[in-house]
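One structure is given here, and the rest of the page talks about it.
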Amino acid sequence: MAGGIFSPLGSCSELEKANCHPLVCLLCHEPYQHPCLLDCYHNFCASCLRGRASDGRLRCPLCGHPSVVRGGTGLPPVDRLLQFLVDSSADGEEDVQCANCDRRCAKAELDTMYFCNTCGQPLCAPCREETHRAKMFARHEIVSLSKRTKDIHKKCPLHEEPYIMFSTEKKSMLCINCFRDMQGESRAHCIDIETAYMQGCQRLDQAVMAVKELQTSTREAIVLLKAMIEEVRNSASEEEAAINSLFGRMQEQLSERKKTLLKAVQSQHEEKEKAFKEQLAHLASLLPTLQVHLVTCSAFLSSANKAEFLDLGYQLMERLQRIVKLPHRLRPAQTSKINSEYRAEFARCLEPLLMLSPRRSVVGSAGAIGPGIAGANMLPGGQCSKTLMVPSCPPASDKMSTGPMVRKPTMHRYISTKVLLAEGRETPFAEHCRNYENTYRMLQMEIQGLKDQVQELHRDLTKHHSLIKTEIMSEILQKSLQMDVQIAAHYSAVEMMRSVFEEVWEETYQRVANEQEIYEAQLHDLLQLRQENSCLTTITKQIAPYVRSIAKVKERLEPR
């Protein structure tokens with residue numbers, strides 16, 4: 001059978017459905033013919049693999065692992081062990097004929113047959129009792145047929161002498177001549193056949209136990225992976241259902257809010273249009289009056305003499321001045337722009353559904369140290385993780401949940417502060433922002449320095465396994481605790497300014513919204529710094545015992 005007519009197995013599920021007999025090829029489903037062993041330890045017939053190699057590489061039809069093939073045949077080496085099992089199995093399936101009485105023994109009666117290793121002939125049970133009980137056959141080695149010894153495994157092919165020794169160095173059997181030809185150093189590694197057989201059986205048992213353990217672990221891993229695949233499938237279904245449900249509710253909310261906004265736009269349109277029409281009617285009635293008085297003045301100047309002018313002119317001037325001083329609405333009382341703030345309204349109606357939080361926690365809190373600050377990355381069972389994880393934001397806390405929502409990240413807060421200060425308006429909040437930026441920048445630089453030191457120590461400890469001085473750990477821990485006190489004090493100072501700023505925030509809506517967002521972002525940044533410092537403190541405490549242990553070992557190895 002040519003290997004080209006067989007297609008590779010698609011997956012391991014096909015292997016489970018296929019015949020998994022250890023002496024049957026997985027491609028042709030026939031007993032192995034010259035089985036070849038690939039680098040991935042999968043076996044296939046030589047005919048099934050012929051023609052599959054390309055550029056000196058042969059990809060396994062089962063797992064796809066490439067194997068390097070050498071020689072002109074383009075095939076991997078023959079598996080001698082599997083070939084031995086195949087030959088042994090074939091021998092056991094043949095009908096055996098007794099060499100003495102020519103009696104044929106069926107396959108089911110092979111257990112009653114014997115084999116004389118000395119004569120090299122099979123014997124039935126009666127012939128064994130009748131013929132090989134004589135004294136001349138007393139030295140003949142008679143064993144069960146299944147345990148017969150083949151000549152190829154009994155005598156040395158080089159010297160035609162029986163094997164008597166085994167070399168543990170070369171892993172080969174030796175006859176008396178092979179043993180004599182060996183050097184004296186190599187003879188020390190030679191033992192008798194029986195001892196080598198016993199030792200080999202013990203080592204094989206150990207290897208079998210290891211493979212059985214791996215087999216058990218593999219089966220457990222397969223069960224786990226199948227369960228996880230099912231969980232993934234269920235999770236995907238649940239996620240799809242949640243997405244569809246949320247999308248439906250979002251559509252409903254958006255549709256309702258759309259109707260409300262359209263009504264608000266229509267109401268603003270009607271109000272503005274009515275006001276503009278009333279103002280237009282007033283100005284339309286004012287224009288003829290002005291035109292009449294201008295014509296009157298022109299006619300009066302052209303027809304009146306000096307006496308008539310002095311008599312009626314001042315009266316005309318007073319009338320014109322009173323007309324000018326009347327409250328005429330020449331400018332629009334309001335803008336023509338209709339503003340419904342639809343973006344903010346749509347976002348506001350979606351917030352309860354999405355539970356939006358611009359600064360969501362990436363790790364669960366365990367052992368809170370301060371307001372809104374998690375203590376450490378905890379594993380199940382209360383054990384702390386040894387992996388350096390510095391979260392970018394703290395988890396939601398009581399302190400943050402009671403205050404306004406933080407809407408601007410640190411960079412946006414920084415830019416907004418710059419814009420606010422660039423306006424040049426001297427306000428209490430602007431002065432506070434100047435002082436805050438200086439203090440925050442100083443605290444941030446110190447926290448970054450501590451973070452770099454802890455990361456370097458953690459890398460040296462876990463990756464390079466280098467020795468670390470205990471004094472450095474104590475110094476970092478002390479600085480971290482001091483930074484925690486400074487950040488807490490600065491946070492309290494900023495928190496105490498809330499009442500002062502709330503009075504200023506009543507002036508204008510837009511300015512209040514901007515300043516509140518900047519203020520809450522400032523508090524959040526302080527909480528984030530304190531969170532990072534807390535994580536650094538926890539990690540430092542975690543690796544401190546290892547540092548002290550290494551320091552003790554170093555003192556023993558290098559005493560002062």
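The values are calculated or read from the model by the stated rules, or taken from the named source; none is laboratory data. Since this is a predicted model, take the numbers as computed values, not measurements. When we count neighbours, we look across all protein chains shown, and the Cβ atoms used for this are built from the backbone with ideal geometry, even at glycine. All accessible areas refer to the heavy atoms of the entire protein, side chains included, with ligands and DNA or RNA removed. Shrake-Rupley method; radii C 1.70, N 1.55, O 1.52, S 1.80 Å.
Results, tabulated for the structure shown:
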{"read-out": "Inter-residue pairs, beta-carbon under 8 Å, first in a helix (DSSP H, G or I) and in region 532-555, second of a type in the set (Ser, Thr, Tyr) and open to solvent by less than 10 Å² (accessible area, probe 1.4 Å), 6+ apart", "value": "Asn533/Ser480; Leu536/Ser480; Thr537/Ser480; Thr540/Ser480"}
{"read-out": "Single residue of region 456-466 satisfying the filter (open to solvent by less than 70 Å² (accessible area, probe 1.4 Å) and within 19 Å of Ser534 (Cα to Cα)) that is modelled with the lowest pLDDT", "value": "His458"}
{"read-out": "Pair list, Cβ under 7 Å, 6 or more apart: region 432-459 residue part of a helix (DSSP H, G or I), other residue among the acidic types (Asp, Glu)", "value": "Tyr440/Asp525; Ile447/Glu532; Lys451/Glu532"}
{"read-out": "Candidate set: region 162-211, residues that are within 20 Å of Glu141 (Cβ to Cβ) and not hydrophobic (A, V, I, L, M, F, W, C); chosen: the one most open to solvent (accessible area, probe 1.4 Å)", "value": "Tyr197"}
{"read-out": "Selection from region 44-63 of residues that are within 22 Å of Arg80 (Cβ to Cβ) and in a loop (DSSP other than H, G, I, E, B)", "value": "Arg50, Arg52, Ala53, Cys60, Pro61, Leu62"}
{"read-out": "Residue check, Leu75 at pLDDT 80 or above and not in a loop (DSSP other than H, G, I, E, B)", "value": "no"}
{"read-out": "Those residues of region 178-216 which are more than 56 Å from the chain's Cα centre (by Cα) and modelled with pLDDT of 85 or more, in sequence order", "value": "Cys178, Asp192"}
{"read-out": "Single residue of Asn244, Asn234 found to be part of a helix (DSSP H, G or I), open to solvent by 100 Å² or more (accessible area, probe 1.4 Å), of a type outside the set (D, E, K, R) and under 30 Å from Leu354 (Cα atoms)", "value": "Asn244"}
{"read-out": "Of all residues in region 491-527 being among the hydroxyl-bearing types (Ser, Thr, Tyr) and modelled with pLDDT of 80 or more, the one that is surrounded by the fewest Cβ atoms within 10 Å (Cβ to Cβ)", "value": "Ser492"}
{"read-out": "Exclusive hit being in contact with a Cys (Cβ under 6 Å, 6 or more places away or on another chain) and assigned to a helix (DSSP H, G or I), set Gln266, Gln253", "value": "Gln253"}
{"read-out": "Selection count, region 467-490, where residues are open to solvent by less than 70 Å² (accessible area, probe 1.4 Å) and at pLDDT below 75", "value": "2"}
{"read-out": "Verdict on Leu316 being in contact with a helix residue (DSSP H, G or I) (Cβ under 7 Å, 6 or more places away or on another chain), part of a helix (DSSP H, G or I), farther than 30 Å from Asn339 by Cβ and open to solvent by less than 80 Å² (accessible area, probe 1.4 Å)", "value": "yes"}
{"read-out": "Pairs with Cβ under 9 Å, 6+ apart, first in region 265-284 and aromatic (Phe, Trp, Tyr), second part of a helix (DSSP H, G or I) and open to solvent by less than 80 Å² (accessible area, probe 1.4 Å)", "value": "none"}
